[in-house]
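FYI, it's all coordinate maths here, none of it is from the lab. Values in this document were obtained by computation on a predicted structure and should not be read as measured data. Positions of Cβ are generated from backbone atoms using ideal geometry, with glycine treated the same way; all protein chains shown enter the neighbour counts.
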Amino acid sequence: MITGRTAETRGTIMLLPHPRGPLSAAVTAAIRRPDESLIKVPDLPEPDVALHDPDFQLTLWVLYELHYRSFDDAPDAAEWSPVLLAVRGALETIFDIALERECAGPVDLLAAVPAEDFPDQLFALTESFDSPPVAEHVQRRATLDQVRELLLLRSIYQLKEADPHSFTIPRLTGAAKAGLVELQYDEYGDGRADRVHQDLFATALRGAGLDPGYGAYVDVVPAETLAISTVMSRFCLHRGRRGAAMGHLAAFEATSSVPSRRYAAGIRRVGLGDNVAQYFDEHVEADAVHEQLAVRGICAAMIKDEPGLQRDIALGAVACLAVDDLSARPLLAAWQDDRHLVDPPAPPRSLTEFATSS
Ligand SMILES: [Fe+2]
Ligand SMILES: [Fe+2]
């Protein structure tokens, strides 16, 4: 169990998180003074533990975040500091090996299917992947605090939902580009500020008595939760990994609609309101459309234009499923033992009154 303070947040601004070890200590210190150009990098972890090492994952998360909204105490120059980029490159080499090892079997199978069968085989993979039944647990059995813990953990990605994949837009052409822009337009609310998915998630957090601040819980979440975001940034910030970026998107969308229905039901069962369920309600229908768009409209079009991308698209899809699995397994195991991975802050009394009276 991890306990402790959360990152200080002020609205949408956040400060650099507290280090989780020597690597994040060295890198966060260097980010504060990017002109001083030297970092003494401690020993890096072996690839086998990179997905589970909080110091490694937090460091990558912080380095990637410089390209998103960044931190109130990080100078803008840190984003393109050659020294920081070199450190990031060294970490990515390890991360890539870790992801290859985690995903190789299913990737090789999916990479070898004929191009015209790729969409159906990708859907088949998402359906057959042996994922722990977190959504089913939430629907039927989760306690109020387990549901709140799930929202807390998901806040790390969902508060920047869709942002990673948007980096891929200028790297695509033709049908794939048109498909991605159509999909992202939905993610960003179809032109309505009150429907932006990342803001719907902030509303859900608020309704569950949690901090809706961007990055508010980065200090307390496990390495595997950070990896859900770092794997996206690894693919989406590199033009050369545009295949993996879109494969990741396809698997993400293809595993969202049915679980979203279960999450919404569980949220209402424990007494949380429509303001919390709304984010998940939205995704039941939206992602049933998005999965078709991502798999058939984007990935299939990319393979048609650039057949050499098929393996990387497959890798992105499998990495999405595998990393989600790595984060879900310990969570479900903790719940089955009546434990939390992260203790959510005490709920407001208005929420517990329902829970004790039901
Ligand atoms: Fe969404
Ligand atoms: Fe979506």
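Find the percent of Cα-Cα distances in the range 243-358 that exceed 25 Å, and round it to a whole number. The share of Cα pairs beyond 25 Å in the range 243-358 comes to 40 percent.
The range 266-283 to the range 114-162: how many Å between their Cα centroids? Cα centres, the range 266-283 to the range 114-162: 16 Å.
With distances taken between every two different alpha-carbon atoms, the range 19-96 has a Kirkwood hydrodynamic radius of 12.4 Å. Starting from one equal scatterer on each C-alpha and no solvent at all, send me the Debye-based log10 I(q)/I(0) for the range 295-357 at q = 0.14, 0.19, 0.22, 0.27 Å⁻¹, two decimals. Debye curve over Cα of the range 295-357, log10 I(q)/I(0) at q = 0.14, 0.19, 0.22, 0.27 Å⁻¹: -0.66, -0.81, -0.93, -1.07.
Say R0 is 22 Å: what FRET efficiency, to the nearest 0.05, do Ala124 and Arg101 get from their beta-carbon distance? So, using R0 = 22 Å, E works out to roughly 0.40.
As an equivalent ellipsoid, the range 115-357 spans semi-axes of 32, 18, 16 angstrom, where each value is the square root of five times an eigenvalue of the C-alpha gyration tensor, largest first.
Above 18 Å, the calculated P(r) of the range 180-303 contains 61 percent of its Cα-Cα pairs. Hey, what D do you get for the range 49-94 in µm²/s if you plug the Kirkwood alpha-carbon radius into Stokes-Einstein at 4 °C and 1.567 mPa s? Result for D is 117 µm²/s. Bridgeable aspartates and glutamates around Lys304 (alpha carbons under 13 Å apart, same-chain partners fewer than 8 residues away excluded): Glu116, Asp117.
Summarised as an ellipsoid, the range 280-328 has semi-axes of 23, 18, 4 Å, derived from the eigenvalues of the Cα gyration tensor scaled by 5 and square-rooted, with the largest first.
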